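Here's the structure we're looking at; comments come further down.
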Amino acid sequence: MSSDLYREQILEHYRNPHNFGEIQDADITQEGDNPLCGDMITMYLKLDDGRLGSVKFRGRGCAISQASASILTDLVMGRPVDELKRFPTQALLDELGIPISPARMKCATLSVNTLRVALGAGVEDEDDAD
Amino acid sequence: MIEKDVSNAGMARGVPPVWADGHALDVGAIRRQFPILKREVNGHPLVYLDSANTSQKPEPVIAALDDYYRRYNANIHRGVYQIAEEATAAYEAARQKVARFVNARSVREIVFTRNVTEAINLVRYSWGRANVHRGDRILLTEMEHHSNLVPWQLLAAETGAELDFLRIDSQGRLDLEGLDRKLEGVRLLAFAHQSNTLGTINPVPILVAAARRAGAHVLIDGAQAVPHMPVDVQAIGADFYGFTGHKMCGPTGIGVLWARRELLEAMPPFLAGGEMIKRVSLRNASWNELPWKFEAGTQAIAEAIGLGAAVDYLCGLGMAAVREHERALVDYALERMQDVSGITLYGPQDPDLHGGAISFSLANVHPHDLATLIDQEGIAVRAGHHCTQPLMETLGVPATTRASFYVYNRPDEVDQLVGAIGRAQKVFTG
Ligand SMILES: Cc1ncc(COP(=O)(O)O)c(C=O)c1O
């Protein structure tokens, strides 16, 4: 059934998410949720000299929301905060590598939107992300 | 203007009301009436299991909309020319059909709204603001759709009234213990006739009788009941009863508020503007008669006429037969689904108490992933909170998957659902 929709990579991230857990002395803790389907994540950020020194997340929800959070943490770890404030949603979607229907876009972008809010940057134009 | 009392259209003469016949549905013939069921989705025939969300539309309803726009499109209650009179007559005939369908005492008790949400908000603004005061109580249930919850939250905030809730038991049935005590000081008891999430058919006679003893008014959200079972507003004896056209084979954009005539007479208008007035001067206005007092502005004319066609269609099937068909489907589905590994089924196990909607969750597949995966096989189900977030909290889940049935569904579609659930589980468990 639809292996293209749930590629092994997504399932692998869902079952064994990277950077899953809390950072006790996080500089920033940010919750995000998608009330439409009840996806929830909390991101923990530790800053280090203008860079994202460490990032972890906790959450529950559908495979797409949780796998996307796992993939995002890999993508952003160690990167300069200024750059991450403008982190393009498309970069995450490319990395997910599966077709995301409009109805599932909020699941796929929950993590990146939560990161942006955590960094005090606005959420990317919702109309585009929807 | 058509002013016709429907009080003796059936019941009073001892003739059964329009829906009370006993034949079984011919599902094959019914399916041929729904053009959308011929379509394929992702290379599979559409298996539509989301009728609690919105139902599909049969030919006669689609034809009624088409016919209105092609042959007699005109505004109602205004023109003196032929096609305007035809449109007015068709619109008011639809009201009569609806009145008979729910056995209203008078057509004047049938107010057209956009949907049930607007019907409930009409009661909130018009009756609620005039009758609910600081310290009054409004009793709801924890299974309400947001449409029958948020309006009362706002009314309570505005008036200083208090909200209270009837709870549910482990099978999603209302806990009626201490009902009389809970009703003390209650101005309004508002509840769903049937839960859209759990499928629970609520014990309407018990609730209405208790509310009467306590002197409370009663509003029933019939969005999930009128499409699926015989509903007789006189026998129920509530004060307000709302429902929505698009869940009962009708178009979107049309709903109904039934209310007791004395109440509607006494209530101030809701929306103000054209058509709802009798006489207007620069500083004053007086109100039109019922039900037009509550129908301001140009109405959803085609949609009302379409709803009339939907009512005719359902009457042709027989509402007792519709209910029996769904009861049998739910009975079958509950039995098939309880064998799925890792499944939790919500709502009553007794199909007599369980309308045609089944919510469930799986241990290893999130509802959204399940809905996406089985969509690949052409199966449409709803995943989410179903506009009942507080209920999700009670159930302890962020979301459920819901399969819901209507006149065109067959047992083999339940089999397809069960098969697809198994294949989705394999994707996740390998
Ligand atoms: C029980 C119940 N109440 C209210 C509604 C709201 O209906 P509508 O959106 O047509 O106003 C629905 C359907 O979504 C429902 O199932």
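The values are calculated or read from the model by the stated rules, or taken from the named source; none is laboratory data. Everything numeric here is computed off the predicted structure, so don't read it as measured data. Methodologically, a virtual Cβ is constructed for each residue, glycine included, from the backbone with ideal geometry; neighbour enumeration extends over all protein chains shown. Surface accessibility is based on the protein's heavy atoms, side chains included, excluding ligands, DNA and RNA. Shrake-Rupley method; radii C 1.70, N 1.55, O 1.52, S 1.80 Å.
Things to note:
- Against the test of being over 27 Å from B:T197 (Cβ atoms), aliphatic (A, V, I, L, M) and at pLDDT 95 or above, the options B:I30, B:I76 yield a single qualifying residue, B:I76.
- Residues located in region B:104-115, provided they are open to solvent by 10 Å² or more (accessible area, probe 1.4 Å) and either farther than 15 Å from B:A304 by Cβ or more than 16 Å from the ligand (Cβ to nearest atom) (or both): B:R105, B:R108
- Checked against (1) touching a residue at least 40 places away in the same chain (Cβ under 8 Å); (2) of a type outside the set (A, V, I, L, M, F, W, C); (3) within 11 Å of chain A (Cβ to nearest Cβ); (4) not in a helix (DSSP H, G or I), B:N409 meets all criteria but (3).
- Residues of region B:75-101 classified as away from the ligand (no atom under 16 Å from the Cβ) and closer than 30 Å to B:L189 by Cα, total: 7
- The set of residues from region B:48-81 being open to solvent by 20 Å² or more (accessible area, probe 1.4 Å), in a helix (DSSP H, G or I) and closer than 19 Å to B:N409 by Cβ comprises just one member, B:E59.
- The listed residues are B:E326, B:E275, and the only one of them that is at pLDDT below 95 and either acidic (D, E) or crowded, with 21+ Cβ neighbours inside 10 Å (or both) turns out to be B:E275.
- Every condition in (1) open to solvent by 30 Å² or more (accessible area, probe 1.4 Å); (2) more than 12 Å from every other protein chain (Cβ to nearest Cβ); (3) without any contact (Cβ under 8 Å) to a residue 60 or more places away in the chain; (4) outside any helix (DSSP H, G or I) holds for B:S341 except the one numbered (3).
- Applying the set (1) outside any helix (DSSP H, G or I); (2) within 15 Å of B:F294 (Cβ to Cβ) to B:R105 leaves exactly one unmet item: (2).
- When B:T252 is tested against (1) within 11 Å of the ligand (Cβ to nearest atom); (2) open to solvent by less than 30 Å² (accessible area, probe 1.4 Å); (3) farther than 22 Å from B:D136 by Cβ, just one condition goes unmet, and that condition is (2).
- Candidate set from region B:382-392 (those that are touching a helix residue (DSSP H, G or I) at 6+ places or on another chain (Cβ under 6 Å) and open to solvent by less than 30 Å² (accessible area, probe 1.4 Å)); member that is nearest to the ligand (Cβ to nearest atom): B:H385
- Answer residue from region B:393-404, given it is over 13 Å from A:D39 (Cα atoms) and open to solvent by less than 40 Å² (accessible area, probe 1.4 Å) and is nearest to the other protein chains (Cβ to nearest Cβ) among those: B:T401
Quick grid of which residues meet (1) β-branched (V, I, T); (2) over 26 Å from B:G253 (Cβ atoms):
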position: B:Y125; (1), (2): no, no
position: B:V132; (1), (2): yes, yes
position: B:R137; (1), (2): no, yes
position: B:H145; (1), (2): no, no
position: B:N148; (1), (2): no, no
position: B:P151; (1), (2): no, no
position: B:L154; (1), (2): no, no
position: B:A157; (1), (2): no, yes
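- Of the residues making up region A:39-46, at least one is at pLDDT below 95 and open to solvent by less than 40 Å² (accessible area, probe 1.4 Å).
- The set of residues in region A:110-123 being surrounded by 18 or more Cβ atoms within 10 Å (Cβ to Cβ) and touching a strand residue (DSSP E or B) at 6+ places or on another chain (Cβ under 9 Å) consists of A:L110, A:S111, A:N113, A:T114, A:L115, A:A118, A:L119.
- Residues (open to solvent by 50 Å² or more (accessible area, probe 1.4 Å) and more than 11 Å from chain A (Cβ to nearest Cβ)) located in region B:346-381: B:Q349, B:D350, B:D352, B:L353, B:A363
- Residue check, B:A119 within 16 Å of the ligand (Cβ to nearest atom) and outside any strand (DSSP E or B): yes
- Considering only residues in region B:125-147 that are more than 13 Å from the ligand (Cβ to nearest atom), surrounded by fewer than 22 Cβ atoms within 10 Å (Cβ to Cβ) and within 21 Å of the chain's Cα centre (by Cα), the one that is farthest from the other protein chains (Cβ to nearest Cβ) turns out to be B:Y125.
- Any hit, region B:35-57, residues being away from the ligand (no atom under 16 Å from the Cβ), of a type in the set (V, I, T) and over 30 Å from B:R402 (Cα atoms): no
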